[in-house]
Structures are given as C-alpha cells and as structure tokens.
Amino acid sequence: MITFAFYLFAVLITGLFLVTVMSKNVLYAMTSLAAGMVLISGLFFILGADFLGVVQLIVYVGAVMAVYAFAMMFFDLSRDVKERHDNPWLIFLLGGGIALTLVVMFAAPIMGEAVHALYPPEEGATNPQAVGLVLFTKYLLPFEVASVMLLVAMIAGIILAGKKMEISLSAMDEDILPDTKENA
Amino acid sequence: MEVTYLGVIIKAILILAIISAIAGFGTYIERKVLAFMQRRLGPMHVGLYGLLQIAADGIKLFTKEDFIPQNANKFIFMLAPIITAATAFIALSAVPVFPDFTIFGVFVPSIAADVNIGILFVLGMMAAGLYGPLLAGMSQANKWGLLGAARTAAQFISYEVVTGLSLLAPIMMVGSLSLIDFNHYNETHPWMVFMQPLAFVLFLIAGFAETNRTPFDLLENEAEIIAGYATEYSGMRWGMFFIGEYANMITVAVLASIIFLGGYTDLWFIPGWLAIILKIAFMFFLMLWVRASWPHVRPDQFMWLAWKVLMPLAVINVVITGIVIMV
Amino acid sequence: MITLNHYLILSGLLFAIGLVGVVRRKNLLMLFFATEIMLNAANLAFAATSSYYHDLTGQMFAFFIIAVAASEVAVGLGLLILLYKKYGSINLDDFTIMKG
Amino acid sequence: MSLEHFKNRNVGTQNYRMLDLDPTPVTGWGKFKQVVRRSLSLELLVGLKVTLREMIKALFFGGMHTTKYPFEKLPIGPRYRAIHEMKRLLESGHYRCIGCGLCEKICPADAIRIDTAYGEDQRKHVEEYTINFGRCIFCGYCAEVCPELAIVHGGRYETASEQRASFSLFDDMLTPIDQLTNQKEFPGYGSVSVQADKNIKKTPLAY
C-alpha cells in the first residue's frame, strides 16, 4: 500500500512540477505548483512527519502560494508568458548534469553507512510532541532567530509593497479629496 | 482499536453522503430561518412545508446550462469548484463527531482518520480550501471575479492567523492537538468556553470569516462585486461551491462544539451523541441568526479588524494563558 | 519496499526540475516558482533522511527552510511589486540598463 | 390588512427617533476608546435580540406577514382601474350601452372598437364591442365619458392571458345575467358624483 502511494505521489509530483516549469500560462504554473506541494505534504505524512506535513500544508499551500496568487493579479492571465530562449539544449544539459551530481552526492553517505542518529525521538511521544521537545531545547536559538527573521521579512514586505499606502482615498471627506476633474 | 481499510472506506463514504445531505438540507434550513426572522414563510409549496425544495433545487442545478466564458481558462475554471467541495470534505475526515460505538458487534471508532494533529489538519485543509474561490476568480476572465479572488486571498490569509492563534490557548491547556484528547479533557474539566471565553469569541469571528458567512462574505458581496468569484458560474459547478461552503460551516460548528462546548461528553441526562447534535445545531443556527441580524462590513474595516484588533487580542490571550499555566 | 534511496532520487529529480526552471525562466514570478520547487525538494530529502534514521534534525531543518521560504516570499514579492511599478514589466530580459 | 390600513398610511407622523451619534474620533486614543466602548457595551447583541424576537413573534404569535398571493389576495381600492366591466340595467337586465361611440372616440390608445346596427325592433343594438387589452393604457377616459355608466373599470387586475383575444369581447365583460342581483353600482372613477342631482341646472326657458 505504501509502495503504491509513494509511486503514485512521486509520478504526480514530478508531472505537476514539470508543468510548473514548462507551462507558458501563469495560472497553470501556480495551480500545479500548489497541487504538487499538497502531494509533498502527503509524502511527509507517509514518512511519519505529521507536523511537518501540516506545516507544509498551512504555510506553503495556505500562505506562500496564496501570496504568489496575489502577486499574479498584476498580469493578464488569459495571455501567455512570452519568454526568449537562446539555447534550450544547454539548459537541459545543465539541469541533467547537476541532477546526476546530486544523486552521486546523496548516494555517497548512504554507501558509507557512517550515519547515526543524533536526536532520536522520545519513546512514546507523538510526532508533534517529539518535534516540540527537540525544537525548544536543542534548536531554541535558531528558532528565535528564525522568528526575528520572519518579523524583519514581514516589515520589509510591508514597507516595500506599501509605499504611499497611508493615503486612503475612501476614508477621506469629500472636500479634502483632490479635485479629480482638474487632474484629469 | 483496530483500523481496517474497509472500515475507513465505509466511513469516508458515509461522511460524504451524510454531509452532502446535511449541506443540502442546510440550504433549506437557512432559507426557512431567514424567512422566519423576516416574518415570512419561506419555501412552502414543494412538498410538505417546502421540504422537497432541496430536490427541486438539485434538479434545477443539474439541468441548468453549464456555461464557460470564452476567455476563461477552461481547465482551471472547471477544477475550482471541485477543490472547494473536496477540501471541505477532507477536513471533515479528521473530525470525530460522535462517541465511539459498537454496531453489529463491531467496534467503530467514530473518526475516519485519527491523525494525532487533528486540529492542525483541519485548519490546513481549510487553508487549502482557499484555492477554490481563488482559482475560480482568477480563471474566469472577469474583473469582478478577479476582485473576488483578491479578497479571497487577503481574507483567508489574514483570518487563518486569527484562527490559529485563538486555538493556541486551548491547545496549550489540553496539551494535545488531537480532537479526541480535547473531548477527554472536557470530561474532567468545565467547558473550555468558560475558561477561554475570549478564544471562543475570536474563533467564532475567524470561523465566520473562513467559511465566508454573512457579516464577512466579502468574496461574493453581491452589493459590491456582483457575485465575486462565482460571477460566471452556473448550474452544478455553482452548486458545488455551496456544498463546500455548507460543509465548511458544519466543520466550524463541530470544531467549536468539540473544543469549546464540551464535545460529546454526556450532559446532565442527555446522552453524548444527542448533546453534540444539539450543540452543532445551535452553532449552525447561530450562523444563520447572525446572517439575519448584522450587515456587511467594508473590506478595509475587515482587514483592520483582523490585524489591529483580533490578532493582538489573540496574542495577549496566549501570553496570559501561558503565564497562568506556568504559575 | 520503499527505501531512503527512492526518496532521495525523487528529491534529486525534483531539485533538477526546479533548477531547469531557474535557468530557463525569464519571468520573475515563474523564477520564484522554480525556487520554491527546489526548496521543496530539499525539504523532502531532509524529511526522508530524518524518518529513515530516526533522527529529528532533518525535520528541524525542514522547518527552518519553510521559514526561510516564507521570508523570501515576503521580501521577494515586495521587490517584485516595486519593479513592476517602476518598469511596468517583470521580465528579466527587459532589465538591461546595465548592459553596455 | 384592511382597506382602512391602506388608506391611512400616516406618512410623516410616525415617531422617528434621531440617533445621537458621537462625532467621529480623530485621535488614535479616541478611536481606541470608541472601539472598546462599542465592543463592551454589547451593542451587537441588540441586533440578534431583535431578529430573534421577530422570529418568535412570527412563529408563535401569528405575526407572519406573508400573503400567499394566488390563494389569498389583498383588497384593492374602489377607484382601482383594471379590466373593464360592462354593466346591465337593473330593471330589465338589458345592457346599458347605447352604442353612442363616445368611448371609441375618446380612447387615446385606439383600443376600443364598437359596431352598432339597427335591429328588428328598430332600436340601435351593439353588434360588436371589443377592447384590445394589448393597447389599452387603463387611462379611464372611456369610463369617464360614458353617459350611461355602462362601461366602468373593475378590480380584476390579473391581466396575463394566453392570447390577445381574452377579455376583449363584449360578452366577456358584461355582467352575467344570472349575477344581475349582485351587480354593484359603480362608485369609482367615472361614476356620477354624489351630489350630481344638485349640480344639474335647469335649462333656461328663454331658449
């Protein structure tokens, strides 16, 4: 059953991400990327990393991709993206080569069998509990740094995107509003 | 507690069938309750007291022309309603509605998928549900749809924060993410609503926002943006959005009942299964009641409410709960 | 039986797909999509390793990667919107003012 | 809902209450105070209370407002101008129309067609009298101009029909002969005024 699920998910994820990379339509790209991320969270569930799966679902699918969708509203979605490709074969050659290197890199430690567990999960604890125990003891400092990083990123995002947002035309009185006829 | 594939499949089918039926029935209830609150009769003519109105609506929706606009992105346009309905039902799979029971000598745990992160799973699936309206609005080549999609993204992202933070305080008190543990917690303690009244109010407000119910149904506010994301939809594709919306309403009602209102523990002389049905029915009625009573809010007020009022309140609630637990 | 190698190969494949996207795409938004694919591939590898060696460190790294991705989106999209406001385009080929 | 209710709507004499709204706060502190006051005074619950009260009133105390229209109808005013009725003489039962043709002349929509002929008894008979309801604008001139109160406007307002010929024949509009005793003298638009007798002046003898 798990074998079947893995192969199904693997094929689907690969296909969906290929659509994301190859499609000329932004909407197709975003939809397939979001669907692929949902399926990756499915793989996390299979791996027993329940909490990670749910975080993937909430943060990636629920927030990150939705923010991308927000940015997509700049474009005319019915039109295709125009891109100029000078040398398509070079791209695939590069991609394939790096993929091969990666596989070799990943395979090296497995062949070596020189890996052992640093932080095995607590006996009898569910996945979120075990994650919490490790996250708030060993990784407390990185956790706090990550939270500060998120705060900084949020402020940066607001400042970058929200220039001149303090002027709200809808909240003004009629007579304060700039005379639209003159400006037009 | 033995979990068999057959049992899970049967339960999934049962959930699908029952919740679809209840979602259909919910439209009837909604029309009736709204009518009574405006001193009207509501649907009366099809069947006894208009009970067969659901069937009539279904026939109408199925036989209506399935219309796809010319410039729309056809595949995504057809996909979007399915996402809404599917995520709503998937979210329900991790929610225990009834106490475990034994039928025909077979022990039946009343939950389809007992993941030990029940609450987060439900929230995650409801978060994924935002793709229904979002893709619908973006694919239909219609400016009202696009506005609806923009509002969807803004509204759902903002109110997910409030939902999560408001549920954090009860989660800290119970010490588990499993909804079954929440229910066990209620057996020995008073209802969570008495210990976390602020969290309850915040969860209700955010729940209304996430299910797109009336004080906050800005996604399809027909006074401002025609029908928002559903502008170009007709027939059963439109109907699927509504099945999803009603299933989401039921999910929120069940979550509120289990987390805050004591779940399916026995209440005085009322057995547990009846108690939770009454609680869910009350929460559902509350949603209709609020729809009949309160007007829409403006989108900017709505965002203001989320980020400047509800989120700070939720954070303060979490901090106070933490201090109380620690001391 | 699914072993760790299956997951790692899948992860490498996804990473390669994302890399092809990064090299190939000229539209900035699509470029962001491709980077998300790469981050997800890394996440998958970490989670698989963590699961097969009974070690939670991999999951921790996956969490931090997700946090990084979230920050990246916030800042990156802010910059994207600024670019669009200034040049009216987010196509990489249009930003050639530095070209001699 | 009675007819009396319709006539006396008392527009403008109800006890309207003016809301004394606070001035919109400008400072941040003022806004904050307003939000806190409005949230904690539970003003939102008043709205819930009102709708629940109406629901209880409607369900248990007979306050339902619905009129099931095709089955029950609201009364209409006596001066309502809907489908025409042709009246009969109460004594003989003969129709009142004398075939003068004034209604045909005055009809601004050219909807009335009247055809008369001398019958065997050397009297003028109405051979054919039709009103094209596709054109009739229900202005009421025909009823006003009729010297005999023969054509009046009735209260039958459901004018939808499957074909144009409906309701347009003289016999359809004429009071059925067996309903003669139920025929009411028409008090509405175009009828003789109450003090008509007093207003009649003697023809001066000098002519």
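Taken together, the values in this text are just the output of simple stated rules run on the coordinates, not laboratory data. As the structure is a prediction and not an experimental result, all values here were calculated from the model. Glycine also receives a Cβ, built like all others from the backbone with ideal geometry; neighbour counts cover every protein chain displayed.
Some notes on this structure:
- Shielding score for B:35-46, defined as the mean number of other chain Cβ atoms within 10 Å: 4
- Take each residue in B:285-295, count the other chain C-beta atoms within 10 Å of its C-beta, and the mean is 3.
- Rh (Kirkwood; distinct C-alpha pairs) - region A:1-77, Å: 13.1
- When the GluC sites (Glu not before Pro) in region D:25-100 are filtered for DSSP coil states and for at most 14 other beta-carbon atoms within 10 Å of their beta-carbon, the remaining sites are D:72, D:91.
- Measuring nothing but how far apart in sequence close Cα pairs (under 8 Å, 6+ apart) lie, relative to its length, region D:84-191 scores a relative contact order of 34 percent.
- Top of B:207, B:262, B:58 by mean-square fluctuation, Gaussian network on chain B, Cα under 10 Å: B:58
- Pairwise centroid distance, computed over Cα atoms, of region B:21-57 with region D:141-165, Å: 40
- Label point 7 Å beyond Cα of residue B:20 along Cβ direction - residues of region B:208-248 with amide nitrogen under 17 Å: B:235-248
- Shape analysis of region D:84-191 places it in the rounded category; the axes a ≥ b ≥ c from the Cα gyration tensor give an a/c below 1.5.
- On the beta carbon distance between residue D:43 and residue D:128, with R0 = 56 Å, the FRET formula returns roughly 0.20.
- Here the sum of -39500 (n - 2.57) over DSSP H runs of 4 or more residues, divided by the residues of chain C, equals -27500 deg cm²/dmol at 222 nm, to the nearest 500.
- Relative contact order for chain B, counting Cα pairs under 8 Å that sit 6 or more residues apart, in percent: 23
- Rounded if a/c under 1.5, otherwise prolate or oblate - the protein assembly as shown, Cα gyration tensor axes: prolate
- Per-residue mean of foreign Cβ neighbours for D:53-61 is 3 (Cβ atoms of other chains, 10 Å radius).
- Neighbour count of at most 16 Cβ within 10 Å plus DSSP loop: longest chymotrypsin sites (Phe, Trp or Tyr not before Pro)-free window in chain C: C:1-52
- Region C:4-94 shape via C-alpha gyration tensor axes, a/c threshold 1.5: oblate
- From its DSSP helices (H runs of at least four residues, each -39,500 (n - 2.57)), chain B gives a residue-normalised ellipticity at 222 nm of -21500 deg cm²/dmol.
- In nm, spacing of pseudo-spin labels at residue A:105 and residue C:68 (7 Å Cα→C-beta vector): 1.2
- Across region B:172-304, the volume of the C-alpha convex hull divided among the residues equals 136 Å³ per residue.
- Listed residue pairs exceeding 27 Å between alpha carbons, taken from B:279/B:308; B:74/C:86; B:143/C:85: B:279/B:308; B:74/C:86
- Out-of-range pairs (alpha-carbon distance over 20 Å; input B:32/D:57; B:32/D:68; B:32/D:73): B:32/D:73
- Most mobile listed residue (D:195, D:179, D:163) in chain D, GNM with C-alpha springs under 10 Å: D:195
- Chain B: most fluctuating residue of B:136, B:85, B:21 per GNM, C-alpha cutoff 10 Å: B:21
- Low-density loop positions, trypsin sites (Lys or Arg not before Pro), region C:1-93 - DSSP coil, at most 16 other Cβ in 10 Å: C:26
- In straight-distance terms, cross-link reach from residue D:124 covers every one of the lysines whose alpha-carbon lies under 28 Å from its own, apart from those fewer than eight places away in the same chain; here that gives D:87, D:105, D:184.
- Cα centroid separation - region B:136-151 against region B:253-303, whole Å: 31
- On Cα atoms only, tilt of D:43-60 relative to the major axis of chain D in degrees: 40
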